[in-house]
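The values are calculated or read from the model by the stated rules, or taken from the named source; none is laboratory data. Only a predicted model underlies this, so the values are computations on that prediction, with no experimental measurement involved. Neighbour counts run over all protein chains shown; Cβ positions are idealised from the backbone, glycine included.
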Amino acid sequence: MQLSPRSPLLLSTLLSSFLFLGACGGGGSSSGNPSSASASSSSQTSSEASSSSDRSSSSSSEALSLHILADFPIGVAVSAANEPSSIMQDNEAGIAQRAIIEAHFDQLTAGNIMKMSYLHPAQDTYFFDDADALLDYADANGISLHAHTLVWHSDYQVPDWMKNFEGDAAAWLAMYKEHVETIAGHFAGRVPSWDVVNEAFNEDGTYRNSLFNQKLGTAYIETAFASAREADPQADLYYNDFNISNGGAKFQAMINMVDDFIARDIPIDGVGFQMHVFMDWPSIDAIKSSFAAVAERGLKVKITELDIPINNPYSPGYNYPDNYEATFTDELAAAQKKRYCDIVTAYLDAVPADLRGGLTVWGIRDSDTWLISALFDDNHEDWPLLFDNNFDPKPAFYGVADGLTNQPCL
Ligand code: 9MR
């Protein structure tokens with residue numbers, strides 16, 4: 001199937017309207033007390049990794065540790081607490097995922113449990129138990145936790161009490177700052193980085209008309225950065241968004257904001273490129289120049305949510321149920337491996353070593369991806385991640401390894 005660039009507008013709508021029906025809202029407690037899983041990292045030289053192009057079975061991955069190939073964090077987003085496929089439970093999925101994490105990743109991002117409604121379910125109630133448990137697990141295994149996210153407009157992540165908060169502008173500002181400072185303060189010293197504000201722009205480069213924008217104007221963004229810095233002076237503070245690796249209007253608006261922040265000494269350390277991309281969109285050239293533009297400003301570049309589905313619902317060729325990729329063939333797996341490798345290579349090429357904030361994949365196994373429901377309405381499978389549904393590494397996994405070790409992307 002010929003994929004072509006998707007409509008950013010459509011993706012924006014989709015990302016904005018995607019309904020989260022899972023375990024948000026706070027109040028739950030961690031139902032597992034994971035014991036250390038058995039897999040262990042083994043050191044890996046780049047010459048060992050260089051043969052990774054030829055590997056495609058799980059057995060060969062046992063000798064390979066992804067994160068050892070990089071001198072920046074290699075992360076993965078996880079479900080935790082009592083969410084489906086939680087890594088914190090002692091069932092098959094929990095144990096298998098912990099083995100993968102401990103072998104291949106040195107950073108985690110909570111896919112859900114550190115969002116606004118989860119951590120701050122009522123005005124006077126903060127709920128940190130689940131995040132603390134995840135952090136304890138990470139710490140015990142020498143893994144860091146990239147914190148996501150202090151401010152996000154998404155309807156199902158803004159707590160109801162905040163939506164209904166009554167008070168004048170000063171009261172709103174005080175409440176908002178307290179939210180940011182309390183949460184950033186709680187994790188201060190324990191997390192290396194925060195996605196401070198997530199997804200503030202529309203595709204056309206205008207500011208999103210979020211609740212925060214309505215109540216505080218666009219200054220809500222810089223207020224969050226200043227408050228986060230005050231509460232946690234050590235953490236790297238990122239602005240995080242999707243569809244900014246293609247050099248379009250949204251990217252330009254983000255760069256303008258960054259330039260303005262730098263000119264006015266608003267604390268910002270980096271830009272998180274979510275990278276929910278497709279097989280042929282954006283182009284590698286566009287990705288490289290987007291990364292480079294941020295690095296040129298002395299800011300860190302972090303790939304925060306990478307996934308690469310095989311099907312592109314915005315492609316004119318995609319037409320469910322008549323025309324879509326229903327089977328993950330060897331050819332598709334090989335093409336995806338190359339795409340992962342090309343993106344990692346672009347990152348290494350465009351971002352100097354001291355500005356590499358890391359690379360995080362948005363999920364472990366294909367069947368747990370958010371994309372199947374969000375992009376494909378649960379109509380059919382897709383295979384966007386590095387591990388298959390049996391937790392075996394896919395060719396894409398070796399594409400990342402090849403990219404990290406400067407191998408040709410084949
Ligand atoms: O993958 C996440 C999914 O499990 C959640 O239900 C959803 C709502 O909290 O958020 C998803 O993650 C989003 C991330 O936080 C921000 N960028 C877009 C991601 C995919 O929607």
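Of the helices (runs of 4 or more DSSP H) lying entirely inside region 307-410, the ones with 3 or more residues being closer than 16 Å to Phe105 by Cβ are found at 395-404. A count restricted to region 239-254 and to residues that are in a strand (DSSP E or B) and away from the ligand (no atom under 12 Å from the Cβ) stands at 1. Would you check if there is a residue in region 248-260 being buried (at least 17 other Cβ atoms within 10 Å of the Cβ), touching a strand residue (DSSP E or B) at 6+ places or on another chain (Cβ under 8 Å) and farther than 28 Å from Ala346 by Cα? No, the conditions are met nowhere in region 248-260. Quick check on this structure: which one of Ile284, Ile303, Ile310 is surrounded by 18 or more Cβ atoms within 10 Å (Cβ to Cβ) and more than 16 Å from the ligand (Cβ to nearest atom)? Exactly one of Ile284, Ile303, Ile310 is surrounded by 18 or more Cβ atoms within 10 Å (Cβ to Cβ) and more than 16 Å from the ligand (Cβ to nearest atom), namely Ile310.
Taking region 153-190 as the range and being more than 16 Å from the ligand (Cβ to nearest atom), over 22 Å from Thr218 (Cβ atoms) and in a loop (DSSP other than H, G, I, E, B) as the test, the residues that pass are Asn164, Glu166, Ala188, Gly189, Arg190.
Ser210 meets the conditions (1) within 16 Å of the ligand (Cβ to nearest atom); (2) touching a strand residue (DSSP E or B) at 6+ places or on another chain (Cβ under 8 Å); (3) within 20 Å of Pro121 (Cα to Cα) in every case but one. The failed one is (2). Could you tell me whether any residue of region 84-105 is in contact with a Phe, Trp or Tyr (Cβ under 6 Å, 6 or more places away or on another chain), small (Gly, Ala, Ser), in contact (Cβ under 8 Å) with a residue 24 or more places away in the chain and within 16 Å of the ligand (Cβ to nearest atom)? For region 84-105, residues in contact with a Phe, Trp or Tyr (Cβ under 6 Å, 6 or more places away or on another chain), small (Gly, Ala, Ser), in contact (Cβ under 8 Å) with a residue 24 or more places away in the chain and within 16 Å of the ligand (Cβ to nearest atom): absent.
The helices (runs of 4 or more DSSP H) located wholly in region 45-152 that include 1 or more residues which are modelled with pLDDT under 95 and more than 26 Å from Asn389 (Cα to Cα) occupy 46-50.
Restricting attention to region 374-387, and to residues there that are hydrophobic (A, V, I, L, M, F, W, C) and buried (at least 22 other Cβ atoms within 10 Å of the Cβ), which single residue is nearest to the ligand (Cβ to nearest atom)?
Taking the candidates together, the pick is Leu375.
Leu371 meets each of the listed conditions (1) within 19 Å of Phe273 (Cα to Cα); (2) within 16 Å of the ligand (Cβ to nearest atom); (3) touching a Phe, Trp or Tyr at 6+ places or on another chain (Cβ under 7 Å) apart from (3).
Yes/no matrix, rows are residues, columns are (1) without any contact (Cβ under 8 Å) to a residue 24 or more places away in the chain; (2) of a type in the set (Asp, Glu); (3) touching an Asp or Glu at 6+ places or on another chain (Cβ under 8 Å); (4) under 21 Å from Pro321 (Cβ atoms):
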site	(1), (2), (3), (4)
Ile364	no, no, no, no
Ala374	no, no, no, yes
Pro384	no, no, yes, yes
Asp392	no, yes, no, no
Gln407	no, no, no, no
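All of (1) under 24 Å from Met275 (Cα atoms); (2) away from the ligand (no atom under 14 Å from the Cβ); (3) of a type in the set (Lys, Arg) hold for Lys115 with one exception: (2).
Which condition from (1) more than 21 Å from Pro384 (Cβ to Cβ); (2) in contact (Cβ under 8 Å) with a residue 24 or more places away in the chain is the one that Asp322 breaks? Of everything listed in (1) more than 21 Å from Pro384 (Cβ to Cβ); (2) in contact (Cβ under 8 Å) with a residue 24 or more places away in the chain, Asp322 misses just condition (2). Within region 194-201, is there a residue that is among the small types (Gly, Ala, Ser), within 16 Å of the ligand (Cβ to nearest atom) and either more than 26 Å from Ala133 (Cα to Cα) or crowded, with 21+ Cβ neighbours inside 10 Å (or both)? Yes.
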